[in-house]
Amino acid sequence: MNGNINTIELLAPARDFDCAEAAILCGADAVYIGAPQFSARAAAGNSLDDIRRVVELAHTYYVRVYVALNTILTDDELAEAKDLIDQLYEIGIDGLIIQDMGLLGLDLPPIPLIASTQTNNASVEKVKFLEEVGFSRVILARELTVDQIAAVRKETSVELESFVHGALCVGASGQCYMSFALGGRSGNRGACAQPCRRRYTLKDASDNLITKDRYLLSLKDLNLSAHLEDLLEAGITSFKIEGRLKDAAYVANIVGFYRPQLDAILEQKGLKKSSSGQVSLSFTPNPQKTFNRGFTKYGVTGRAEKMGSPDTPKSTGEPVGAIAGIGTDWFGLSGNIELHNGDGICFFDDAQNLCGTVINRVDSGRIYPQKMDGLKVELELYRNYDHAFAKQLKTPAGSRKIAVGITLQETETGVSVKAVDEDSNEAVFEMAVEKQLAQKPEQATATAQKQLSKLGNTPFTCSDVQIETSQVYFFAASTLNALRRGVVEELLKAREVNRPRLAANTPKPAPYPEKTLTFEGNV
């Protein structure tokens, strides 16, 4: 599917077009987005028109678009699913994420199939089966260690995708039936009620109370930013950020955080990202400044650390220090972090319940909150909403430009402009114009270079302008602008023609690794 084992992918979630745009402009190599129906995040479905918009934007930068159609289907839904897949194929998506093996029995278009993590891809045998039956990529279970991933890689050649950031479920990947058992809402049908984020009371076998009203099944969020190289060496080619229910600010921040870290590793190893363009951010990424429940490495290096978030399933944000002094309507803070008007703060009260308030005003080191309830000296505070940071992310958080070199040349009837981009795509645009010798050659050359390099609102940035005419000519700014616009249009066409397409494997019969089929089977 990858087409080039030397290209590596940073994969980001897209709740909607705005989230997809944020991911793309902040450096994602691919995005995944929910189909209008049959997505494991029913609340994050998108219309076909919106998916088409995402595809058009993404493909400009050679960013790939994968669509999640990863619920278990009933027999009477198969025809509707088939029709939807045909339409997605016509739109030009790059891959389809599925869970239900029944789809393999349909006459599908030649679209790369990706095995959802919902298929519980936790063993060599399971991944080998998925490869043999026709999947182009397998999204591995989150529970695997680096060594287990390496073992899978050793026995298979299918692309391997791994989650590196975001929310975790206490259930094994694809094998959680708790929501359905408790309330009839199935995660495998896109309707998980998130019972792992609720309060529970724990008693022992003799009915003795161990703990009361705690979020005993709530986990911290995954953060494997320190283990990207380990995962790469184990065989991962796609590094996935969780979060199809998260907003554009979250997506921009987390993609912006991972992009430079992954780039540094790729440069060191002589590898390349799978998309085009250089990214500029308007902010400094910081994972603690957007939604998080604290971070865990989960099981990637073993199960030594505490991974639970039993006090709250909500975001606590970043630690800002302890209260050092207090008045009737203000408090002072220890440490170097400054709070600002509009910031949200939170803390755990004496009963370990999460409480919070908003900062109304900061004056001469004194912080005036909306409420003083529960605040006291030495209380540890967290900032779960950074007003200034959020404001930065509401402006275009990132921009992305594809480097292009431009050359002005002469023809028999006028001039032409040639553009060559960073992916070696080439385009030429010619115009018949009168070639008038420049009376001020230096000024004419500078004007030509300036006008041809003005790539402004296009996806391109000019890395170099060469003037290769036999003599220095004067051209009106309108002529130069028309040449520039013409060659940009031709280059966009050339990029689409030459865009790397992913080859689909043909679904074919293969023996299922299990001898009996239970409710845990993905049909």
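The values are calculated or read from the model by the stated rules, or taken from the named source; none is laboratory data. This structure is a prediction, so every number in the text was calculated from the model and none was measured. Counting neighbours? That spans all protein chains shown, and the Cβs are built from the backbone with ideal geometry, glycine included. SASA here: full protein model, heavy atoms, side chains in, ligands and nucleic acids out. Shrake-Rupley method; radii C 1.70, N 1.55, O 1.52, S 1.80 Å.
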* Asked: When the convex hull of the Cα atoms of the range 149-229 is projected onto a plane and the area is averaged over all directions, what value comes out in nm²?
  -> 8.4
* With all protein chains present, calculate the accessible area of LEU57 using a 1.4 Å probe and round the result to the nearest 10 Å². => 40
* Structure fact -> Kirkwood-based Rg/Rh on the Cα set of the range 59-128 evaluates to 0.99
* **Net charge of Cβ neighbours under 14 Å - reference ILE51; Lys, Arg +1; Asp, Glu -1** => -4
* Heavy-atom accessible area ranking, 1.4 Å probe, most first, across THR284, THR461, THR60, THR328 -> THR328, THR284, THR461, THR60
* Structure fact -> tail above 20 Å in the computed P(r) of the range 291-436, as % of all Cα-Cα pairs, reads 65
* To do: Taking the Cα atoms of the range 271-317, report the difference between the largest and smallest coordinate on each principal axis, in whole Å and largest first.
  => 42, 27, 13
* Asked: How far, in degrees from 0 to 90, does helix 441-452 lean away from the longest principal axis of the Cα atoms of the chain, to the nearest 10?
  -> 40
* Structure fact -> Semi-axes of the range 358-460 from the Cα gyration tensor (sqrt of 5 times each eigenvalue, largest first, whole Å) come to 60, 17, 10
* Could you work out, for the range 343-395, what percent of all Cα-Cα pairs fall into each 10 Å distance bin, beginning at 0 Å and stopping at the bin that holds the largest distance? => 22, 51, 22, 5
* Using only Cα positions of the range 66-191, each an equal point scatterer, no hydration layer, compute I(q)/I(0) via Debye at q = 0.13, 0.14, 0.21, 0.22 Å⁻¹ and quote the log10 values to two decimals. => -0.56, -0.65, -1.28, -1.34
* How long are the three semi-axes of the equivalent ellipsoid for the range 278-368, computed from the Cα gyration tensor as the root of 5 times each eigenvalue, in whole Å, largest first? -> 28, 21, 11
* Once you have a ≥ b ≥ c as the square roots of the Cα gyration tensor eigenvalues for the range 242-309, tell me rounded if a/c is under 1.5, and otherwise prolate or oblate according to whether a/b is larger than b/c. => oblate
* Net charge of neighbours whose Cβ lies under 13 Å from the Cβ of ALA427, counting Lys and Arg as +1 and Asp and Glu as -1 -> -2
* Structure fact -> Taking alpha-carbon centroids only, the range 312-326 lies from the range 401-420 a number of Å equal to 57
* To do: From the C-alpha gyration tensor of the range 90-144, pull out the three semi-axes of the equivalent ellipsoid (sqrt of 5λ each), sorted largest to smallest, in whole Å.
  => 21, 12, 9
* Asked: Give me the Kirkwood hydrodynamic radius of the range 210-252 in Å, from all C-alpha pairs, to one decimal place?
  -> 13.6
* In a Debye calculation with equal point scatterers on the alpha-carbon sites of the range 461-520 and no solvent, what is log10 I(q)/I(0) at q = 0.21 Å⁻¹? -> -1.04
* Structure fact -> quick shape note, the range 120-278: Cα extents on principal axes in Å, largest first -> 59, 39, 28
* Structure fact -> For the range 125-191, using Cα atoms only, the Rg and Dmax in Å read 14.1, 41
* **Nearest 10 degrees, 0 to 90: helix 146-155 Cα axis against the chain principal axis** => 60
* To do: Leaving ligands, DNA and RNA out of it, work out the accessible area of MET307 with a 1.4 Å probe and give it in Å² to the nearest 10.
  => 30
* Give me the log10 of I(q) over I(0) for the range 113-163 at q = 0.32 Å⁻¹, as the Debye formula computes it from C-alpha points; what are the numbers? -> -1.50
* Asked: What accessible surface, in Å², does a 1.4 Å probe find on HIS227, ignoring ligands, DNA and RNA and rounding to the nearest 10?
  -> 30
* Structure fact -> Within the range 267-357, the percent of DSSP beta bridges that are antiparallel, given to the nearest 5, stands at 90
* Structure fact -> Summing +1 per Lys or Arg and -1 per Asp or Glu among the other residues with Cβ less than 9 Å from LYS240's Cβ gives -3
* Per residue convex hull volume, Cα atoms of the range 1-135, in Å³ -> 114
* **For the range 185-279, Kirkwood radius (reciprocal of mean inverse C-alpha pair distance, Å)** => 17.2
* To do: Per DSSP H run of at least 4 residues, take -39500 (n - 2.57); add these up for the chain, divide by its residues and hand me the 222 nm value, nearest 500 deg cm²/dmol.
  => -8000 deg cm²/dmol
* To do: Quick one: grab Rg to one decimal and Dmax as a whole number for the range 398-523, Cα atoms only, in Å.
  => 24.0, 86
* Which number comes out as Rg/Rh for the range 18-83 once both Rg and the Kirkwood Rh are worked out on C-alpha atoms? -> 1.03
* Asked: What fraction of the Cα pairs in the chain, stated in percent, has a spacing above 30 angstrom?
  -> 57
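In Å, what Kirkwood hydrodynamic radius results for the range 165-209 from the alpha-carbon pair distances?
12.1
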* Average Cα contact separation per residue, the chain, under 8 Å, 6 or more apart, as relative contact order % -> 16
